[in-house]
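Colleague: Please read through the structure below; I'll follow up with questions.
What follows is calculated from the coordinates using simple rules that are stated; it is not laboratory data. Please read all numbers here as calculations on a predicted model, not as lab measurements. Backbone-built Cβ (ideal geometry, glycine too); neighbour counts: all protein chains shown.
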């Protein structure tokens, strides 16, 4: 078990865990052709020969190979179910092989110790990758070397790796650890090295930036850095502290520090100034451990392990320094009801991930030829879906509002939203920027809805009399405020380029401004119930209207998929949202029940849950794989 996984649990748990392997989570619905559990093995292994590894970090190399760096590595021989240990590599080993996004790496070749030829023949046995430290001490204050006694050994456990752009160097970070028993260890120092993957040589280091002390005192957790992210000549590293831990982390802090990408700066202890990382309001850090990297879609993701049962939280950011916003939570499969051991060593692998799935490795003590009762785990891999639920970034549910909330709009990346109250007050959460409000104006009629600009740097508010209030980069293109309306305006939608918008009245009348094209209305129809909202087609050439009875009216190229009628929703419908690709839409009623049509999936609702105030609207995520409901008190679901 690596230091990044073991250190936190040692505070409260006395675990008996054998040398383990790395397992990767597989979802219930993987993409077509994707494997389920499959071994991340090397050609050295066979039916009677198994390699048990710990904590596999991986780095995509420019030559099309994938470099994996593991922790303590054991070699076992025998028949499945009767494996016996025959070798042990303390600290780390490495392997490499071809890779492909979405595919489990099953053709790895063991990498010999740096300084030896890589070779092209049959794979040899696992070999030590990071040189062993010679200056680690027993944690008893005696000053004796760590290796002084049976079952004791010094190790350098990898805590992260990243390719240095434009070079053949891989930056590897590690913890200096003194192991004194199967579940007892002390992380005494921290350092780095630079490894040349072309020549299989360590060019820089190992450099113990924070060197172990003769008394064997532990290094503070905030200085045990991991997961280097190299970008723009800078290296950002992360550390974490759980201050309230028992099985699950209830409270803690994530730290980050940025250092110039030079050996001199990386080797200078003064370069490292840990600062608390920012999590999007109202989130809270609960890190047993974490893994950070940039993913194929350009998003930086942090996978925060929150419980030893394999529970995790995925957070995203546009840059390595955050702010970090919660995407969703999950639990890796195969980790419940285990007779011994726990799931840990949760690590993400960007180069093996695709735009909709993460490759995530972790240890499962029940995996491998000896099963749950034996000492041999195994490296297993598959894909796990990126959390697609709408993230919670805050609400006004605990505030005393002057007027009720009447609508909401999401930011373009789905990592934030605005709420608008009937008096024009704006409440911004997540990465939604505040660009002004009408809360200090005297309004002729109350605000009834809002829409955001395509870049998220502005928004419009619409009042019941058709008055428009534009903020940020939202351009004013006209209003119905000077018209005599048959029925009040109840909602609005913006065109895709943000140069126009539609307003809809309760009788289905449509008012188009700017480059918003008029494609028809329900103003000349006899409606059973009034219109309560609208949504625009993604190409701006059509729109849908929804009535309080769930009736849907489609105009232009907006496709009709079926209404909710005659009355499948329990309470009156209060709003709708469309899938960005135009292949479906949702309607929501005041109780919070959701009805989806076309290929608009159902992701949950608060229908049937006692609410303080009724639901008044909804918004969809930009990928169409989630949605939010908002209540009149600003509660977000």
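Colleague: Want the number for residue 484 to residue 518: 0.36 nm per residue separation, take away the alpha-carbon distance, what's left?
Modeller: Net length gain for the segment: 10.3 nm.
Colleague: Please report the spacing between the Cα centers of region 68-104 and region 221-299 in Å, no decimals.
Modeller: If we compute the Cα centre of each part, the gap is 28 Å.
Colleague: Also: Just one of [x] 1.06; [y] 1.10; [z] 0.97 is Rg/Rh (Cα atoms, Kirkwood Rh) as worked out from the coordinates here. Which one is it?
Modeller: The calculated read-out lines up with [x].
Colleague: With an 8 Å cut-off on Cα pairs and a minimum separation of 6 or more residues, tell me the relative contact order of region 405-631 in percent.
Modeller: Computed value for region 405-631: 12 percent relative contact order.
Colleague: For a Förster distance of 41 Å, can you work out the FRET efficiency between the beta-carbons of residue 100 and residue 442, rounded to the nearest 0.05?
Modeller: The pair residue 100/residue 442 has a calculated efficiency of 0.05.
Colleague: Right, another one. Let me test this: with uniform point scatterers at the alpha carbons of region 490-637, what is the Debye-based log₁₀ I(q)/I(0) at q = 0.09, 0.18, 0.22 1/Å?
Modeller: Debye intensities relative to I(0), on a log10 scale: -0.24, -1.00, -1.45.
Colleague: Provide 579, 331 in ascending order of the number of other Cβ atoms located within 10 Å of each residue's Cβ, fewest first. Please report the intermediate quantities before stating the final value.
Modeller: Details: 579 24, 331 16.
Listing 579, 331 from fewest to most nearby Cβ atoms yields 331, 579.
Colleague: Compute the length gained on full extension between residue 623 and residue 234: take 0.36 nm times their separation in residues and subtract their Cα-Cα distance, giving the result in nm to one decimal.
Modeller: My answer for the length gained is 136.9 nm.
Colleague: Here's something else I'd like to know. Quick one: if you stick a label point 7 Å off each Cα along the C-beta vector at residue 570 and residue 144, how many nm between them?
Modeller: For the pair residue 570/residue 144, the computed spacing is 6.9 nm.
Colleague: Also, quick follow-up: Quick check on the chain: helices-only [θ] at 222 nm, where DSSP H runs of length 4 and up contribute -39,500 (n - 2.57) each and the sum goes over total residues. Nearest 500, please.
Modeller: On the way: 2 runs with 11 residues, N = 637.
Per the formula, -500 deg cm²/dmol.
Colleague: What distance in nm lies between label points placed 7 Å from Cα along the C-beta direction at residue 499 and residue 455?
Modeller: Inter-label distance under the simple model: 1.4 nm.
Colleague: Could you list 184, 349 so that the one with the fewest beta carbons within 10 Å of its beta carbon is first and the one with the most is last?
Modeller: 184, 349
Colleague: Roughly what would the spin-label model give for residue 65 and residue 43, points 7 Å off Cα along C-beta, in nm?
Modeller: That separation, rounded to one decimal, is 1.1 nm.
Colleague: Hey, another quick one. Share of antiparallel DSSP beta bridges in the chain, in percent to the nearest 5?
Modeller: Values: 155 of 159 bridges.
Of the beta bridges lying entirely in the chain, close to 95 percent run antiparallel.
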